[in-house]
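*Asks:* Sharing a structure below in structure tokens format, with a few things to ask.
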Amino acid sequence: MRQRIVDCEILDPASGKRFWGYVEWEDGVICEVGQAGPGEAGEVSAGVELISAHGNLLAPSFVDLYADFCEPGFEYRENIASGSAAAAAGGYTHVLLRPDTDPCVDGEDTVRFVLEAGAKAGLVNVLPAGCLSRKLDGESLAEIGEMADAGVVALLEGDRYLKKGGFLRRCMEYGDNFHLPVILTNEDPTLVEGVVHEGLVSAISGLKTSPSVAEEVAVARHIALAELTRAKTHLAKISSAASVRLIKDAKARGVPVTASVAIHNLILNDTSTLGYDPMFKIWPPARSEEDRKLLLEAVIDGTIDTIVSDHSPKATEDKELEFDLAATGALSIELVFPLLNKLVLAEELDLVSAIRAVTVGPRRFLGIAGGEIAKGQPADLVVLDRNTDWELDYFELRSRGRNTPFLGQRFVGRTYLTINRGRVTFRRDG
Amino acid sequence: MATHINHLLDLEGLSKEEITSYLDLGEHFKGVSQRRIKKVPTLRHITVVLFFIENSTRTKISFEIAAKRMSADTLSFAASSSSLAKGETLLDTAKTLMAMRPDIIVIRHFAAGAPHFLARNVPAAIINAGDGGHAHPTQALLDMFTMREHLGKIEGLEVAIIGDIGHSRVARSNIHGLSTMGANIRVAGPRTFLPPHFNTLGVQVYDRIEPAIEGADVVMMLRIQKERMGKDLFPSDREYARFFGLDAQKLKLAKPGALVMHPGPLNRGVEITPDIADCNNSVILEQVENGVAIRMAVLYQLGKHLVEEA
């Protein structure tokens, strides 16, 4: 069946082009893109079903490189079905899942489990990542080749830092052998006492800190290893300005690195921790306002090519604790676009850069087709309502998580429609 | 939920007038402790829970005596003997306590911000008796009380605070309180004790004790946490005493008659030599006495309207 989405402003983040028109697809592949004014459908052949975007913005669907769906092992926080529903509602068609579950994804069987659970939910393409080390022990290689065969698309140790640099080098070499890119988080734990940014705010709050230097030291190590091994490496969840400078330099020298920032680090700064509200306990920590501004600049200039949700659902009982004892992280996958739109409306980020970092950047890293709206591309699309004013309530969310710092806040804009290979996987009612 | 209730969570944001009123009240209640009958009926009907998740002897006793001298009913609750040791969360323990309808909860906790967490979640007046590395507001109030009592004012005083500033809630609360009251603050210690950014709080930072003490009206020594010794912050108590401890010779740099203070408990021979701890300039035991007066003042300030309502 042919379908055509009409009455939309099309944004192609790969080229930066923006125009009013329509997109038509058949069997999940785009077969026609054309221009048509607002409210117009263009010339329609018989038998084509029309879907109206109601004057909203059409873009390629979002792809996430860092999300936790908590299954197997922590289903009380989220599972693959609820996480998939949340992701589809956020405009995502592809989500790379953290493998540090229980059991962790370190062999064929767990990879199959994740893929089957994702297929059963049937809303997003669940992309399993595999652990670098067996049982996350940090010192013995996981069966990376078998996992690659079973469908793993990248290697990742969750938020863990591999203390043994020599072991990490071997992981990168061995993983590259099977064409699997590596995603690394960046914090040298020997430089860390706590979880908030070290600065004037921590001098006032007395909370224990994770200083920027802990990230910078790790980023420098990971760049050096990427340069040595030539393994495709993604530095995930960058939070400090000095790390951005290191990455910029590495990219200029042709080191095979890409980088992401978590959505929260673009929105929050360290003053958010002054009330000791554990909802604001995130990792990497929200750093200074200066860091936040430089992260936004890095997204605009492409040094940071990807924005990740770092979706980390937690239950109430994990969060309703003293700040030091509370779980880290916030749910986010349904809020990425509303939060990005907030930055766009505040003129801190332009729309094209924002969309590019959730569509083109992650696709290029994983080698997924799409990311541009053109004939022959998969019909993985999202329709974004940029005008509706709404208030965040847990009843609005599909995630099982109960942890967002933005509860009760008003947002402008949200996903209206998500299309996965030509199939509508999310439609906002009313 | 409990926004209309007054708390004492920290000194950040307290005005000069508010701090002064605590000090004035403290003066009044110090008189009570010096009478033959050391008890007033002011807080009869009020229940005060001493909720001490982190060990403390002197602060707890001080609050307990203060509450008893105000005729409040007190109830002690320590972490080791409580359901917290069995894995109950702070919130559930606090809610259980609330079901017994206390009016004021005095909390000591190892985690910064725990009193704020309680204040958001339970309908009682919360007094912070020390939260991790964050604040110890009644200690700072009693320190300022002692300074004012001896030196007649706080504004314009040169106050040197020496020791592990970075990890000290006493230092943080004193920095906020003293700067609001118009004193000039110098902090000193080895660099490992002085995280960056303290200078932006409006204090002078020194990595040697001598220039910090020079010309000071008050020299406040902080307690060294011996468990940190020999690890990453300082190598030995011997070396600490030599470079950063207060002795007679270093004290000569201060103004004649400068006050020597210490929040206790003392490590004699480490941060302070025994002769200096016991010298005429030392007001360390007066700090303890004034602690009771200030805590009576704080309990009164937070509890008085509860009595009026009753």
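*Asks:* Give the cross-link partners of B:Lys304 among the lysines, using a straight C-alpha distance below 29 Å as the criterion and excluding same-chain residues fewer than 8 apart.
*Replies:* Partners found: B:Lys16, B:Lys30, B:Lys38, B:Lys39, B:Lys60, B:Lys68, B:Lys95, B:Lys153.
*Asks:* Considering only A:Val192, A:Val48, A:Val336, give the residue with the highest GNM mean-square fluctuation for chain A, with springs between Cα atoms whenever their separation is below 10 Å.
*Replies:* A:Val48
*Asks:* Another question, if that's okay. Hydropathy at least -0.5 by Kyte-Doolittle, axial extent at least 15 angstrom from the Cα trace: which helices of chain A, defined as entire DSSP H runs, fit? Let's see the in-between values first.
*Replies:* Values: long enough: A:108-121 (20 Å, 0.03); A:165-177 (18 Å, -0.85); A:212-229 (26 Å, 0.78); A:241-252 (17 Å, 0.26); A:289-301 (18 Å, -0.31); A:351-366 (23 Å, 0.88).
Both cut-offs are met by A:108-121, A:212-229, A:241-252, A:289-301, A:351-366.
*Asks:* Something else about it: Show that you can apply the helix-only estimate: for chain A, add -39,500 (n - 2.57) for every DSSP H stretch of four or more residues, divide by all residues, and state [θ] at 222 nm to the nearest 500.
*Replies:* Calculated from helices alone, the mean residue ellipticity at 222 nm is -9000 deg cm²/dmol.
*Asks:* Now for a separate question. For the protein assembly as shown, just the Cα set please: Rg and Dmax, both in angstrom.
*Replies:* Calculated on Cα positions, Rg and Dmax stand at 30.1, 103 Å.
*Asks:* Restricting the count to DSSP beta bridges whose residues both fall in the protein assembly as shown, what percent are antiparallel, rounded to a multiple of 5?
*Replies:* In the protein assembly as shown, approximately 35 percent of DSSP beta bridges are antiparallel ones.
*Asks:* Excluding residues on the same chain fewer than 8 positions from A:Lys135, give the lysines whose Cα lies under 28 Å from its Cα.
*Replies:* List returned: A:Lys120, A:Lys163, A:Lys164, A:Lys232, A:Lys237, A:Lys281, A:Lys314, A:Lys319.
*Asks:* Quick check: from the Cα gyration tensor, does segment A:60-366 come out rounded (a/c under 1.5), prolate or oblate?
*Replies:* The shape class here is rounded.
*Asks:* Using only Cα atoms, figure out Rg for segment B:137-286 and give it as a multiple of 2.2 N^0.38 Å.
*Replies:* Here the answer is 0.94, to two decimals.
*Asks:* In what order do B:Leu91, B:Leu246 fall by count of nearby beta-carbon atoms within 10 Å, going from fewest to most? Walk me through the numbers before you get to the answer.
*Replies:* Values: B:Leu91 18, B:Leu246 24.
Ascending Cβ contact count within 10 Å gives the list B:Leu91, B:Leu246.
*Asks:* Gaussian network model of chain B, Cα springs within a sub-10 Å range: biggest mean-square fluctuation belongs to which of B:Val40, B:Val219, B:Val270?
*Replies:* Its mean-square fluctuation being the largest, the pick is B:Val40.
*Asks:* Next question. If the elastic network links every pair of Cα atoms under 10 Å, which of B:Asp131, B:Asp92, B:Asp247 fluctuates the most in the Gaussian network model of chain B?
*Replies:* B:Asp92
*Asks:* Determine the percent antiparallel among the DSSP beta bridges restricted to chain A, to the nearest 5.
*Replies:* Working: 33 of 62 bridges.
About 55 percent, rounded to the nearest 5.
*Asks:* Sticking with this structure for a sec: Under the rule of -39500 (n - 2.57) per DSSP H run of 4 or more residues, summed and divided by the residues of chain B, what mean residue ellipticity at 222 nm is obtained, to the nearest 500 deg cm²/dmol?
*Replies:* The helix-only estimate for chain B comes to -12000 deg cm²/dmol at 222 nm.
Read-outs: derived from the displayed coordinates by stated rules, not from any lab. Just so you know, these numbers come straight off a predicted model, no measurement behind them. Cβ sites come from the backbone with ideal geometry, for glycine too, and all protein chains shown count toward neighbours.
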